[in-house]
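Worksheet for the structure shown next.
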Ligand code: GLY
């Protein structure tokens, strides 16, 4: 078992463990909940609900099952959880537990942030992607038709409990999606090596990613400064994800976004072709091709909630382990995307 303390304004532990063993003890230590709404999806429920419930015998559990997939990261799902808690007379002492991937964690987290102005939230991520990213750091929310994550709140969980056995049973595509997000950490930290991505090293890999995320989030909980580097590859990645109608996974799109960012960084900093190819080492074997026009990508980037007026921050890479936040105007980004990315699309 490993524990990482996330030192945000309301500090909490991330526990990395095989199985849900002793989850009840950890929940009891951080929450006075009697009732827990276990928000999960139709795929995860039959796989892990019973095992989780066995460890939470001392609490009254209320499963709330929503559909699976990005389209359920919606205001409707959020209201379903809120209504459910209200109908079952959940009090401010009670809690919401998110059992699932990023969609479940984000929508359940947002419900926990809003119901009675905030009740305890426990994150139990079941995918690699949610274990290393969305279950830590308190970004919660839902998508609007105008864009991804447009309605939400920063709301830290009271506990994140990662059962690594859930992750080891994921299908190849889910693992690849989580690995795509993991590559982001490799480029940010410089201390993650190729062998860390091997299946036999997965638990240590999760630990390294969560440790790095926790360090960054503890310095900048509300994403005003250094936390932005966690968006490496995401501005272009999100654009591709939306344009694909979510048929491409988040991690697949992040990888394409990072590849594009290395091309942009090479142009911006003037790297040699050799250095650029060396930097792309972590991306070998991934499909980095973007099958959308520069114009479509630009339109999506312009709608990005992280833009500030005419300005947009992109995370560039001076090298592996050396991310830098660079602010571009809309016209600069247009020019650079056409000049650099246009060639490879
Ligand atoms: N996923 C990026 C962040 O939590 O800031």
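Just so it is clear, none of the values below were taken in a lab; they were calculated from the coordinates. All values derive from a computational prediction rather than experimental measurement. Positions of Cβ are backbone-derived with ideal geometry, glycine not excepted, and every protein chain shown enters the neighbour counts.
Kindly identify segment 54-183 as rounded, prolate or oblate by the Cα gyration tensor criterion: order the square roots of the eigenvalues as a ≥ b ≥ c, call it rounded if a/c is under 1.5, otherwise compare a/b with b/c, prolate if a/b is larger, else oblate.
Details: a/c = 1.80, a/b = 1.26, b/c = 1.42.
It comes out oblate by the Cα gyration axes.
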task = Diagonalise the Cα gyration tensor of the chain and give the resulting equivalent ellipsoid semi-axes, square root of 5 times each eigenvalue, largest first, whole Å.
result = 35, 21, 17
task = Measure nothing but the geometry: give the 0 to 90° angle between the long axis through the Cα atoms of 102-114 and the longest principal axis through the Cα atoms of the chain, rounded to 10°.
result = 60
inquiry  = Suppose the chain between residue 34 and residue 144 were pulled fully straight at 0.36 nm per residue; how much longer would it get relative to their current alpha carbon spacing?
reply    = 36.3 nm
note = In Å, the Kirkwood estimate of hydrodynamic radius for segment 156-227 over Cα pairs equals 13.4
request  = Decide, for segment 161-292, between rounded, prolate and oblate: order the square roots of the alpha carbon gyration tensor eigenvalues as a ≥ b ≥ c, take rounded if a/c falls under 1.5, and otherwise choose prolate if a/b is larger than b/c, else oblate.
outcome  = rounded
request  = Specify the angular offset, from 0 to 90 degrees and rounded to the nearest 10, of the alpha carbon long axis of helix 250-269 from the longest principal axis of the alpha carbons in the chain.
outcome  = 30
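Does segment 17-112 come out rounded, prolate or oblate by the C-alpha gyration tensor, with a ≥ b ≥ c the root eigenvalues, rounded set by a/c under 1.5 and, if not, prolate when a/b is larger than b/c and oblate if not? Mind showing how you got there, number by number?
On the way: a/c = 1.94, a/b = 1.22, b/c = 1.59.
Oblate is the answer for segment 17-112, as a/c is 1.5 or above yet b/c matches or exceeds a/b.
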remark   = Using alpha carbon centers only, segment 287-336 is separated from segment 222-276 by a whole-angstrom value of 8
ask   = Where does each of 36-47, 210-221 land if you order them by average Cβ count within 10 Å, highest first?
value = 36-47, 210-221
request  = Just order 269-282, 180-193, 100-113 by mean Cβ neighbour count inside 10 Å, highest at the front, would you?
outcome  = 100-113, 180-193, 269-282
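Could you sort 170-177, 232-239 so that the peptide with the highest average Cβ count within 10 Å comes first and the rest follow in order?
Numbers: 170-177: 15.6, 232-239: 24.8.
Order by mean packing, descending: 232-239, 170-177.
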